[in-house]
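The values are calculated or read from the model by the stated rules, or taken from the named source; none is laboratory data. Here the structure is a predicted model, which means the values were calculated and not measured. No Cβ is skipped: glycine too gets one built from the backbone with ideal geometry, and neighbour counts run over all protein chains shown.
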2 protein chains.
Amino acid sequence: MKQVTIKDIAELAGVAKSTVSRYLNGGSVGKKTREKLDRVIRETNYEPNQFAQSLKSKQTKMIGVIVPRLDSYAASRTMMGIDERLTERGYQMLVVNTAQQTEREIEQLYNLAKQKVAGIIWLGTTVTDRHLEAIEAIQIPVLLIGQQHDNVHSLVYPDYEAAYALGREFTKWGHRDVVYVGVSEADIAVGQDRRDGFLKALHEADARVTVVQTTFKIEDAIPVGERLAKEIGSTSLIICATDNIALGVLKGLANQGISVPNDISVSGFGGYDFTEVLHPSITTVHLPYRRTGAKSADMMLQLLQGNDVPMKTFTIFELKVRESVDKLN
Amino acid sequence: MKQVTIKDIAELAGVAKSTVSRYLNGGSVGKKTREKLDRVIRETNYEPNQFAQSLKSKQTKMIGVIVPRLDSYAASRTMMGIDERLTERGYQMLVVNTAQQTEREIEQLYNLAKQKVAGIIWLGTTVTDRHLEAIEAIQIPVLLIGQQHDNVHSLVYPDYEAAYALGREFTKWGHRDVVYVGVSEADIAVGQDRRDGFLKALHEADARVTVVQTTFKIEDAIPVGERLAKEIGSTSLIICATDNIALGVLKGLANQGISVPNDISVSGFGGYDFTEVLHPSITTVHLPYRRTGAKSADMMLQLLQGNDVPMKTFTIFELKVRESVDKLN
DNA sequence: TTGTGTTGCGGAACCGGTTCCGCAACATTT
DNA sequence: AAATGTTGCGGAACCGGTTCCGCAACACAA
């Protein structure tokens, strides 16, 4: 079953290759030849060779997606959304994983460009000058999700605002002595914006806040929970920067026999679906990962058509008030 | 920054294109020319155009990966493993999502072949004649993960054996009245093998078993849990076909005020990492998704080199005895 | 009828590599 | 010294498309 080529089609229809090509790309073709080509192509199941096309056009129907990890809830959901939309529109998603190494993000920007992807969607963690340099150099539309920068089209979660809103609820409910469990500032959205949003709300209510740091991994949060369990004192609430961290902290607390929310409250951030199903269910803020993925694909397709799209777009968020945080008053 | 071509290199070095090509592909090249080309290529950062290469060779350095869903724990972990290994070896992973539609699996087999991927790793759910036909037709190595078939190289989880082993533990602990919450038989490994493994163990101990069916979605398992809560009777254990189902069932039970494992026991299957961290932690069997992904990549690379690999390879499993299942005796 | 504009189509060059073939230069054997 | 074998290299064709250019055929206006 060898490849049918445009030459074969041309011969079968008794025309020149160029005519077939024109037919395929909507050029001027007479009625009779059109009908003939219609038939021949249908009968032969002809499909153009993508390499030959790309060789000439220096373009593909692929969108590169750079993700920091393949096994994060946020990344998976976002990829689903991207893929859905792209597939509808005849594009393909080429996922590359950087295993959380910033260096590899930069490499991959160049690499994807070399592969002539039509555009790149980048689930970022941090934006450095080297990133910007790469984006500048490759001359391909890049769309950043989850972080923001003035020089790059970005689709960003309102981390600061959401954290602030949730923080306000907490103080409204009477929490005044709080531990915040965050991550490294290297991740701007999660490490800085979320923290700062919470801090703002808490400070406005003159709450006492202790900040501790951990990683994105569940395992690392467990000892944090265990430690906190021993020094609860007057602390009424532990705010976690992500739902995974909340999960770990909850486990750590449980290991020490602390009951949530009776002994202490715990909140998450992100809205992973297991948070609803846990017992106690976790108070958190839901970020629309999947919809954002789909939206990013839409925006990318717009960019590819040369339409302009706003440099910065914010997504929505939704507070999920559930069982793990108690109302003290 | 336009593309440097082989022609540029040839001119700069004062040789013919063919010589450059030979140099690049390890053909016979004299010492002097070699040195000259060494230099020129380094200085120009020359990188061969992959489309031109693929156009001629009808091959790429990509491995297609067909997954039923992008947001499943098993798929994510497996993809990580695949990607890790492939990247090391200079290959790329091209993920395509079928959104659980069997039809799209078949489509994608053809489609990936059209894109001249070097091989296809297929995280299967069911194997039909049309699949086999496609695999036969495309003439590309296909490696099946998670399901098995005599005509396709498969890397399979010992679902039956693992289920049997876990079932034996349960009966050993005195469970004799059990509900099994499974999924559709369309998924052979999960819908049939796991169930049958458990059933065998349970029947050997003359246990009473009721089988109920749900889907892979957490939400769908919640009402199942709620219903079971109302009709516990003498049932001492609910065995769930996946950890996600267990999660849903646990939620349903909790909604009705049933406490696990005090009032009833619940087990999962799969070993998703949250199972360890939940409270109570879930008794389950751990399947090495990530390692299996890596292994599948290895095997695929072997196949590509023409080495032969066994048609069927089983992975290991590991029982995780934890809190959610009680020992009655 | 002649001149002008439009439309349809074929030929050839091109995209950037790989590979086959044959020749020249040199080394080796007799 | 002649015959034979190796090795290094250039030229040309090829992979399967796209696009530019120019020509022929036809329609229509003058």
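If we keep just the residues of segment A:9-28 that are in a helix (DSSP H, G or I) and more than 44 Å from the chain's Cα centre (by Cα), which is nearest to residue A:52 (Cα to Cα)? Going through the qualifying residues, I end up with A:10.
Residue B:99 - would you say it is within 27 Å of residue A:92 (Cα to Cα), in contact (Cβ under 8 Å) with a residue 40 or more places away in the chain and away from DNA strand D (no atom under 16 Å from the Cβ)? So residue B:99 fails the test. Filtering segment A:29-51 to residues that are under 44 Å from the mean Cα position of the chain (by Cα) and of a type in the set (Asp, Glu) leaves A:38, A:43, A:47. The listed residues are A:128, A:98, and the only one of them that is of a type in the set (Ser, Thr, Tyr) and buried (at least 17 other Cβ atoms within 10 Å of the Cβ) turns out to be A:98. Quick check on segment B:1-28: of everything there that is surrounded by fewer than 18 Cβ atoms within 10 Å (Cβ to Cβ) and more than 10 Å from DNA strand C (Cβ to nearest atom), which residue is nearest to the other protein chains (Cβ to nearest Cβ)? Checking each candidate, the answer is B:1. Is it fair to say residue B:252 is modelled with pLDDT under 95, surrounded by fewer than 24 Cβ atoms within 10 Å (Cβ to Cβ) and among the small types (Gly, Ala, Ser)? So residue B:252 fails the test.
For segment B:256-283, taking the residues that are under 20 Å from residue B:147 (Cα atoms) and touching a Cys at 6+ places or on another chain (Cβ under 9 Å), the one that is surrounded by the most Cβ atoms within 10 Å (Cβ to Cβ) is identified as B:269.
Of all residues in segment B:32-57, those that are within 8 Å of another protein chain (Cβ to nearest Cβ) and surrounded by fewer than 16 Cβ atoms within 10 Å (Cβ to Cβ) total 2.
Being closer than 30 Å to residue A:101 by Cβ, modelled with pLDDT of 90 or more, more than 8 Å from DNA strand C (Cβ to nearest atom) and acidic (Asp, Glu) narrows it down to one residue among A:84, A:43; which is it? So that I can check it myself, show each step before the final result.
On the way: A:43 fails: closer than 30 Å to residue A:101 by Cβ.
From the options A:84, A:43, the qualifying one is A:84.
Restricting attention to segment A:99-111 and to residues that are within 10 Å of chain B (Cβ to nearest Cβ) and under 18 Å from the mean Cα position of the chain (by Cα), the residue that is farthest from residue B:108 (Cα to Cα) turns out to be A:104.
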